[in-house]
Amino acid sequence: MRQTKNTSLDTVVTDFILLGLSHPRNLRTLLFLVFFCIYILTQLGNLLILLTVWADPKLHAHPMYILLGVLSFLDMWLSSVIVPRIILNFTPTSKAIPFGGCVAQLYAFHFLGSTQCFLYTLMAYDRYLAICQPLRYPVLMNGRLCTILVAGAWVAGSIHGSIQATLTFRLPYCGPNQVDYFVCDIPAVLRLACADTTINELVTFVDIGVVAASCFMLILLSYANIVYAVLKIHTADGRCRAFSTCGSHLTVVTVYYVPCIFIYLRAGSKSPLDGAVAVFYTVVTPLLNPLIYTLRNQEVKSALKRITAGRRAASENK
């Protein structure tokens with residue numbers, strides 16, 4: 001149980017200092033360039049996916065690729081919430097973030113992260129319907145239903161983020177104000193509270209655990225049914241095509257969930273690995289998503305070729 005700090009409650013924290021990632025001083029310039037390049041490539045890669053889905057009629061008429069476009073949009077925002085602050089850590093500028101800015105960052109981080117969690121579940125459900133009930137798929141997963149489900153994921157993510165931000169910042173913060181992390185996240189901020197945080201830690205564990213575990217179990221259930229249906233396909237070519245449509249999503253889900261489970265379902269952990277793992281799923285995963293879907297998804301690659309060929313033909317006709 002966390003005990004109340006002895007710091008006077010008359011002192012009110014007005015800003016926090018994000019200590020960022022531990023690093024040798026002589027590598028500051030190199031790390032600045034690495035994270036800056038990662039950020040630019042993340043934005044460009046996800047923007048490419050987003051524009052491809054929007055520009056190609058065959059993609060934006062398909063629920064699976066609507067969901068992919070929304071995922072790319074979320075990745076762009078998640079990267080923008082996290083990476084610029086990491087980059088600032090490698091510069092001489094102040095590492096301070098206003099109290100309100102810390103609240104907003106924590107809310108945005110959990111809003112976007114939980115919305116992604118729900119979106120991955122919707123993508124698994126879409127693949128389940130497409131493979132297990134192909135004849136009824138156009139009726140069961142149409143554009144209107146897809147829009148409603150995506151809107152529901154955004155609303156649920158917003159509620160989740162609001163709960164976490166409210167519970168975290170209802171506590172008094174009276175000093176110190178140095179957050180030993182690269183982002184205003186719940187475990188790091190709670191260590192600075194001038195009050196008992198046992199209830200917060202329990203609610204955080206249960207809330208995030210329930211959201212993550214429920215989504216993960218639904219994804220596993222969807223893929224268990226998919227595997228069963230695919231194994232009933234008699235031709236090897238048919239099985240390969242069915243599995244290939246799910247391979248990209250399954251890869252992304254694994255890359256996303258394993259780090260989340262490592263960090264949030266180990267209550268009270270202060271492992272030095274937490275920072276490295278968090279960087280992977282908040283910084284590297286948004287970069288990998290467009291690469292995974294571009295390299296492994298034949299329809300996305302075909303759409304990119306069609307768009308490129310169309311622009312080349314248009315420029316030649318001028």
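A quick yes/no check of all residues on (1) open to solvent by less than 40 Å² (accessible area, probe 1.4 Å); (2) of a type in the set (D, E, K, R); (3) out of contact with any helix residue (DSSP H, G or I) (no Cβ under 9 Å at 6 or more places or on another chain); (4) not in a helix (DSSP H, G or I):
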| site | (1), (2), (3), (4) |
| --- | --- |
| Ser158 | yes, no, no, no |
| Cys184 | yes, no, no, yes |
| Phe205 | no, no, no, no |
| Val230 | yes, no, no, no |
Checklist (1) at pLDDT below 90; (2) open to solvent by less than 40 Å² (accessible area, probe 1.4 Å); (3) of a type in the set (A, V, I, L, M); (4) over 21 Å from the mean Cα position of the chain (by Cα) applied to Leu192, failing item: (1)
Could you please give the count of residues in the stretch 235-278 that are modelled with pLDDT under 70 and assigned to a loop (DSSP other than H, G, I, E, B)? 8
Taking only the stretch 23-50 into account, find how many residues are of a type in the set (Val, Ile, Thr), open to solvent by less than 70 Å² (accessible area, probe 1.4 Å) and more than 18 Å from Val81 (Cα to Cα). 1
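Okay, residues lined up against (1) at pLDDT below 90; (2) among the acidic types (Asp, Glu); (3) touching a Gly at 6+ places or on another chain (Cβ under 7 Å):
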| position | (1), (2), (3) |
| --- | --- |
| Gln3 | yes, no, no |
| Thr7 | yes, no, yes |
| Asp10 | yes, yes, no |
| Leu18 | no, no, no |
| Arg25 | yes, no, no |
| Phe32 | no, no, no |
| Cys37 | no, no, no |
Those residues that are within 21 Å of Ser22 (Cα to Cα) and either in contact with an Asp or Glu (Cβ under 8 Å, 6 or more places away or on another chain) or touching a residue at least 12 places away in the same chain (Cβ under 8 Å) (or both), I need them from the stretch 89-105; list them, please. Asn89, Phe90, Thr91, Lys95, Ala96, Ile97, Cys102, Gln105
Filter the stretch 19-73 for residues that are in a helix (DSSP H, G or I) and of a type in the set (Gly, Ala, Ser); which is farthest from Asp180 (Cα to Cα)? Ala55
Quick one: in the stretch 160-180, which of the residues that are surrounded by 19 or more Cβ atoms within 10 Å (Cβ to Cβ) and within 21 Å of the chain's Cα centre (by Cα) is farthest from Gly113 (Cα to Cα)? Thr168
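The values are calculated or read from the model by the stated rules, or taken from the named source; none is laboratory data. Since this is a predicted model, take the numbers as computed values, not measurements. Note that we place each Cβ from the backbone using ideal geometry, even for glycine, and neighbour counts take in every protein chain shown. To get the accessible areas, we keep the full protein, side chains included, count just its heavy atoms, and leave off ligands, DNA and RNA. Shrake-Rupley method; radii C 1.70, N 1.55, O 1.52, S 1.80 Å.
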